[in-house]
Amino acid sequence: MKLNGEQYHDRVTAWLTGFAIFWSLLGMASGVYVAAELVWPTIDFGHEWLSYGRLRNLHTNTVIFGFGISALMATAFYSVQRTCHVPLFAPRLAWFCALGWQAGMLGGGISLLAGWNGGKEYAELEWPFDIAIAVIWISFAIVFFGTIAKRRIQPIYVSNWFYGALIIVVAMLHIVNSLAIPVTWSKSYSLFAGTQDAVVQWWYGHNAVGFLLTGGFLGMLYYFLPKHADRPIWSYRLSIIAFWAFTYSYIWAGPHHLHYNAVPEWVQSLGMVMSLVLLAPSWATLVNGVMTVAGAWEKLRTDPALKFIVLSLAFYGLATFEGPMMAIKSVNVVSHFTDWTIGHVHSGALGWNALITFGTFYFLLPRLVGAELYSTRLANWHFWLALAGVMLYVLAMWGAGVSQGLLWLSLDEIGELSYSFKDIMASMKPYYALRMVAGFTFFAGAVLMAFNLWMTAKGRRIVCIAPPPPVREGA
Amino acid sequence: MHARLLVLTPWHFVRLMIRPSDAGACLASAAPETSAVLLRLVIPLSLVPPLLAYIGGAVFGWHLGGGTPLYISPAGLTLISLGYFVALITGFLSTAAVASWMADTYGAKREYGTHLAFVVLVGMPVILASVGHLAPHAFVNMIVLIPALIWSLYLLYRCLPAALGTSPERGMLMASSLVAYLLVAGVSLLGITVVLWTGGIGPTLGV
């Protein structure tokens, strides 16, 4: 039944889902290519556009911002309408936001390949793109909070708290960290310098991990897991406590990226302590997720997507434990600047972010087009390829990282370094080959998903769904 | 082979490991005593990897990837092997305890002895892969360990429902929860090892 002709705006979600899948394939393919360049350094063929220094940035930007943000926008737009029982506020602005983001990503990706680079990790895009991102992000905020403001049910569901935190904090981080003085169209200099620059950069960097890759995707989890499981979240109270504890503690943890650097000792120690505190809210969500899914085991018979969410919770548990552990200074002395960190990042990015998104897409797209998933068998193959890929990746990087850390710290009897940096890196080739195989395996699974979802949606229209009628007072 | 008769010997568990279709039913039909599993399986099997690691480390030295191998003193090697043994015992017992603790949630049997025997079955490929310690090169050991871990994961998912008496769907969820525990336990062990190493147990690191 339509209420005053109202319908949910799901076409924008469907398009964003498609864009997210496109960026995931491009991002993972470029990741596999740069992994191959670490095994065979000459496969850039002397062309700067194919060089490691440019392709690596394309990889990180396309997977985090292209794939991750598109998926978060898609799921935020889908879920905020259903949890507020109203269509999107300013739907044209939502389209501007969705398409503008893709244009920004496309232009940004090309600019990175062309060598435009602001020099800040995970914030490499130059100032014209930074301004465009800020404008689009504010549009996202207007659509999202506008929808919440006109909601027809009083409580604001917990997924919206997480999506809201994502929008507010990322706006704050992006604008502050991108403050710069432009000198040409392709070059600017940061307003911050020296250690202040480092502290601001890792305040940005770590909270992008926190509020985008953790908080944003927790919003996805809190909406789509109960939908998958067809039952409410195990403890709603725990989810709210976890949200506020998470929001309070995450913002302080950035300095653990600067251990043993030229920032004050107390700043490093504060970062370490707050990272350890962070374990409690992170695992509160883990418990909530595991207990919610534990009661929904019958759904596994009919819903291949639920397996992805179950596995994503396992890797969420690993990544949110490993992070605080690596923030401990006596562990960090070995792990920092090694491939252990790369393994940690990918246990989170592949094991948690990608798997929960894949599980959500397998749930979402068939519902958007009103069809069954094209092939459950392909989805099952995807699951095993993803598990194998992420496990191989993590193991390879653990092996490489711990070896690097210990060898770099080894001193001979007269106190000189036992091993040269060059020799250590040359010996890493087998690990890098294994990582390349792992990445390709994971990528192959994503290709299967893209094909499966394409065949599911091919030739179908988006199903029109109206919000439920408002509940009258006293009815 | 009499699939339904559980014999608490390492050799029998090796045979179960390569016949996973029988292994779950075999474990389900028995209710082994915890002490028997501990004495006949857990302790003897936990001695194997540290012993092999000691021999490999003493004879060839560890290649972590750099030029010359790292030779650790006999006292250091003994301490590391002892720590390895304690870690393995702790790993077997704690994983079985976690599995037994989870049992109610997933509708599985609660008997600790059965859980411990199941954990031994799952861990058997990794124990056998420790033969790689005789060639103490970090990457060689990883290459040997990866197929063993894949087989262990396969045994975990394949045999858990039958062995612990739950449905395949709940078994899948319980196996995934155990994977989460094992990943966290694994990375904790890595962290503890690094802290001990930088604390002076192992070659001098100058920190």
Summarise the partner chain shielding of A:312-324 as one whole number: the mean count of Cβ atoms from other chains within 10 Å of each residue's Cβ. 4
Could you tell me which residue out of A:Val394, A:Trp297, A:Ala284 lies farthest along the dipole of the protein assembly as shown toward its positive end? Charges go on the beta carbon: Lys and Arg +1, Asp and Glu -1, centred on the Cα centre. A:Trp297
Under 19 Å between alpha carbons, and skipping anything fewer than 8 positions from A:Lys120 in its own chain: which aspartates and glutamates qualify? A:Asp130, A:Asp197
Checked the range A:35-85 with the C-alpha gyration tensor, a ≥ b ≥ c its square-rooted eigenvalues, rounded below a/c of 1.5, otherwise prolate if a/b is larger than b/c and oblate if not; verdict prolate
Compute the FRET efficiency between A:Glu298 and A:Ile240 as 1/(1 + (r/R0)^6), taking r as their Cβ-Cβ distance and R0 = 22 Å, and round to the nearest 0.05. 0.20
Only helical DSSP H runs with n ≥ 4 go in: add -39500 (n - 2.57) per run for chain B, normalise by residue count and round the 222 nm mean residue ellipticity to 500 deg cm²/dmol. -23500 deg cm²/dmol
Each residue of B:166-179 has, on average, a number of other protein chain C-beta atoms within 10 Å of its C-beta equal to 5
Checked against the positive end of the charge dipole of the protein assembly as shown (+1 on Cβ of Lys and Arg, -1 on Cβ of Asp and Glu, about the Cα centre), the farthest of A:Leu311, B:Pro161, B:Val42 is B:Pro161
Take each complete run of DSSP H in chain B, measure how far its Cα atoms stretch along the helix's own axis, and keep only those covering 18 Å or more with mean Kyte-Doolittle hydropathy at least -0.5; list them. B:43-60, B:74-102, B:112-129, B:138-164, B:168-198
Expressed in nanometres to one decimal, the distance between label points 7 Å along Cα→Cβ at A:Asp412 and A:Arg460 is 6.7
Pick from B:His133, B:His63, B:His115 the residue whose mean-square fluctuation is largest in a GNM of chain B, springs joining Cα atoms under 10 Å. B:His63
Taking the Cα atoms only, what angle lies between the long axis of helix A:194-208 and the longest principal axis of chain A, rounded to 10 degrees? 40
Label zone at A:Arg92, where the point sits 7 Å out along the Cα-to-Cβ direction: the range A:5-19 residues whose backbone N lies under 17 Å: A:9, A:12
Determine the distance separating the Cα centre of the range A:26-75 from the Cα centre of the range A:136-159; give it in Å without decimals. 33
With the label point 7 Å along the Cα-to-beta-carbon line of B:Trp101 and a cut-off under 19 Å to each amide N, the hits in the range A:283-312 are A:283-295
Shielding of A:289-296 by partners, i.e. mean partner chain Cβ atoms within 10 Å per residue? 3
The whole-number value in µm²/s of the Stokes-Einstein translational diffusion coefficient for the range A:1-191, with Rh from the Kirkwood sum over alpha carbon pairs at 10 °C and 1.306 mPa s, is 89
Give me the distance in nm between label points sitting 7 Å out from Cα along the Cα-to-Cβ direction at A:Arg377 and B:Ala31, one decimal. 4.3
The base-10 log of I(q)/I(0) that the Debye equation returns for the range B:10-198 at q = 0.11, 0.12, 0.18 Å⁻¹, one scatterer per C-alpha, is -0.50, -0.59, -1.20
Between helix A:339-348 and chain A: long-axis angle, C-alpha atoms, 0 to 90°, nearest 10: 0
Which of B:Ala99, B:Ala75, B:Ala185 fluctuates most in a GNM of chain B (C-alpha springs under 10 Å)? That residue is B:Ala75
Treating cross-link reach as a plain straight distance, find the aspartates and glutamates whose alpha-carbon is under 13 Å from the alpha-carbon of A:Lys227, omitting any fewer than eight places away in the same chain. A:Asp303
Ranking request for peptides A:85-96, A:406-417, A:316-327: highest mean number of other beta-carbon atoms within 10 Å first, then the rest in descending order. A:316-327, A:85-96, A:406-417
Cross-link partners among aspartates and glutamates for A:Lys422, C-alpha distance below 20 Å, same-chain residues fewer than 8 apart left out? A:Glu37, A:Asp339, A:Asp412
Using the alpha-carbon atoms, what tilt in degrees (0 to 90, nearest 10) does helix A:376-409 show relative to the longest principal axis of chain A? 30
Cα centre as origin, Lys/Arg/Asp/Glu Cβ charges: the range A:1-191 dipole, Debye: 780
Taking only the alpha-carbon positions of chain A as identical scatterers, the Debye log10 I(q)/I(0) at q = 0.06, 0.08, 0.09 Å⁻¹ comes out as -0.26, -0.47, -0.60
Projected onto the charge dipole of chain B (+1 at Lys/Arg Cβ, -1 at Asp/Glu Cβ, origin at the Cα centre), which of B:Ile80, B:Gly61, B:Gly132 gives the Cα projection farthest towards the positive end? B:Gly132
Amide H proximity to B:Leu70 below 5 Å, modelled H, separation 5+ or other chain, gives B:Trp62, B:His63, B:Leu64
About the Cα centre of the range B:10-198, what is the dipole size in debye to 20, counting +1 per Lys and Arg Cβ and -1 per Asp and Glu Cβ, all else neutral? 160
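A short reminder: the numbers here are calculations on the coordinates, not readings from a lab. Since we're looking at a predicted model, the values are computed, not measured. Please note: Cβ atoms are built from the backbone with ideal geometry, for glycine as well, and neighbour counts cover all protein chains shown.
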